[in-house]
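The structure under discussion appears below in the form of structure tokens.
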Amino acid sequence: MAPTQPSPGNGSARKAGDDRVGRQDARELASELAALIGQQATPPLLDSGQAAAILNVPQSWIAAEARAGRIPHVRLGRYVRFNRDALIAWCDGRSVGPRIKRRTAA
């Protein structure tokens, strides 16, 4: 018979060889979690409410700008959806910084 050792937490005994299996499962779980951490939780296409939350503006503003064609959007029949990456790129392209004062030649 294989020697047994108490399992942490539940007080039951387990075989010493099971420790290798547990370590392998832990490694697999860790690699799966590492892969998931890098993935986006946001769906690829957003509705106007989700787009408004990302840009921190009212949902009515998002709808009006999409109707006017001033923000990137995708029309799917009567539905309007927004690509998250396109919205962020559009917003980044509109950012302005401090103006540099030019010196005049004296």
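Among the residues of the range 70-82, those identified as part of a strand (DSSP E or B) and under 15 Å from residue 49 (Cβ atoms) are 79, 80, 81, 82. Of all residues in the range 83-96, those being in contact (Cβ under 8 Å) with a residue 24 or more places away in the chain and more than 13 Å from residue 50 (Cβ to Cβ) number 1.
Scanning the range 76-85 for residues that are of a type in the set (D, E, K, R) and modelled with pLDDT of 95 or more yields one hit, 81. Annotation: of all residues in the range 46-80 being among the small types (Gly, Ala, Ser), over 20 Å from residue 95 (Cα atoms) and exposed (fewer than 14 other Cβ atoms within 10 Å of the Cβ), the one that is nearest to the chain's Cα centre (by Cα) is 49. All conditions in (1) surrounded by 10 or more Cβ atoms within 10 Å (Cβ to Cβ); (2) modelled with pLDDT of 80 or more; (3) part of a helix (DSSP H, G or I) hold for residue 92, with the sole exception of (1).
The values are calculated or read from the model by the stated rules, or taken from the named source; none is laboratory data. Small disclaimer: the values here were computed from a predicted structure and weren't measured. Neighbour counts run over all protein chains shown; Cβ positions are idealised from the backbone, glycine included.
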